[in-house]
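What follows is a single structure, written as structure tokens, with notes after it.
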Amino acid sequence: MTGEWPHLAPPGELLAPAQRLTIGVLVTAHDVAAHLPAALDSVFAQTRAADQVAVCDDASSDDVEGALRPFRDRVRLVRHPVQRGEGAAKNTAVTALDTDLVVVLDGDDEMAPQRLEALGWLAERRPDLHLLTTTWEEFGPGVERTEWSLADHFPTVDQRAEILRWNFLPAPAMRRTALLDAGGFDETLRYGPDWECYVRMFLRGAAAGLVPLPLYRYRQWPGQQTADRERVLAGRVRVAEMIAANALLGPADRCIADRSLRELRYAYWTWRLDRGAATRSESLALLRRGSPSARRTAMIALSTLSPYLARRVRRR
């Protein structure tokens with residue numbers, strides 16, 4: 001593409017590039033060998049070539065070596081002998097790169113050919129932006145089209161407050177120094193370390209930009225980690241708890257973070273209640289934490305007496 005890429009970002013001037021930034025792609029892989037060749041094909045088909053590519057194999061049980069064989073002279077492979085989780089895999093891949101920008105790619109996803117070109121273009125002209133991303137499209141069996149688009153919801157003002165509410169940065173490019181200065185990804189989080197990491201970056205003054213084009217391709221398939229809905233919901237609660245406990249939060253930040261935590265706890269509880277898994281003790285603990293609405297409080301209170309009856313009421 002020639003000329004300017006469309007973009008959304010906080011107000012700021014597009015500058016003439018001071019230098020050509022180097023771009024590294026970090027790929028995480030755990031039992032995704034069947035999809036890894038397609039992911040790497042998409043990396044090496046970019047209109048702006050990556051300067052470095054690192055793959056972290058997080059103790060996969062499948063044939064990662066075989067999947068990487070066609071790319072072996074172009075990829076830095078680092079391995080964990082035991083599974084350490086998504087955050088550790090990303091940190092390990094980052095340490096294998098030495099580039100200005102680090103671009104995230106999950107090993108079962110793909111990138112459109114112009115993604116690195118678009119992200120590099122914006123990063124070079126807006127040095128004030130620390131995280132840059134694009135919109136995405138989903139593909140795979142059973143994918144249902146949706147009218148929702150990140151481009152319609154991406155915040156360009158008060159991004160610090162918005163990142164405390166939700167993670168609006170799918171698979172971003174990050175300035176490597178800003179990522180490392182914030183401490184990288186938390187390795188104790190088994191699910192969803194991205195959001196907590198980006199919050200820490202924003203609490204240290206980061207800003208983000210979006211190229212509103214679907215240049216990331218998110219694969220939907222039964223074996224993916226996010227297919228386990230209960231683990232996803234429980235993981236989000238854990239991430240929100242860590243965010244709410246961050247010492248850098250100001251009073252206004254803390255109000256937003258606490259509300260986000262209440263919402264995620266309630267979502268997890270209702271998921272378990274609807275499936276007959278929520279216990280009276282869980283409901284009592286949620287009731288003691290408080291709820292922003294009388295209706296929710298009444299539902300939780302009913303569940304402390306009879307989860308079965310509360311479930312019946314919710315189904316009406």
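Which angle from 0 to 90°, rounded to the nearest 10, does the C-alpha axis of helix 229-244 make with the longest principal axis of the chain? With rounding to tens, the tilt is 90 degrees.
When you count the other C-beta atoms within 10 angstrom of each residue and take the mean per peptide, 146-154, 115-123 line up highest first as 115-123, 146-154. Starting from the Cα gyration tensor of region 228-315, take the square roots of the eigenvalues, sort them a ≥ b ≥ c, and report rounded, prolate or oblate (rounded when a/c is under 1.5, otherwise prolate if a/b is larger than b/c, else oblate). Judged from the Cα gyration tensor, region 228-315 comes out prolate (a/c at least 1.5, a/b above b/c).
Dividing the radius of gyration of the alpha carbons in region 18-101 by their Kirkwood radius gives 0.97 for Rg/Rh. Summed over qualifying helices (DSSP H, 4 residues or more, each -39500 (n - 2.57)) and divided by its residue number, the chain shows a 222 nm mean residue ellipticity of -12500 deg cm²/dmol.
Rounded to the nearest whole Hz, the Karplus-based 3J(HN,Hα) values (6.51 cos²θ - 1.76 cosθ + 1.60, θ = phi - 60°) of region 195-201 follow the sequence 4, 4, 5, 5, 4, 4, 5, with x at glycine and proline. The alpha carbon gyration tensor of region 159-285 gives principal lengths a ≥ b ≥ c with a/c of 1.5 or higher and a/b no greater than b/c, which makes the shape oblate. Sorted largest first, the spans of the alpha carbon positions of the chain along the three principal axes are 63, 47, 36 Å.
Calculate how steeply helix 251-274 sits against the longest principal axis of the alpha-carbon atoms of the chain, using the helix alpha-carbon long axis, and give the answer as 0 to 90 degrees to the nearest 10. Long axis of 251-274 versus the principal axis of the chain: about 70 degrees.
Across region 23-225, Cα pairs under 8 Å and at least six residues apart give a relative contact order of 28 percent.
The numbers here are math on the coordinates, done by the rules we state, and not lab data. Because the structure is predicted, anything quoted here is derived from the model rather than measured. A quick note on method: Cβ atoms are made from the backbone with ideal geometry, for glycine too, and the neighbour counts reach across all protein chains shown.
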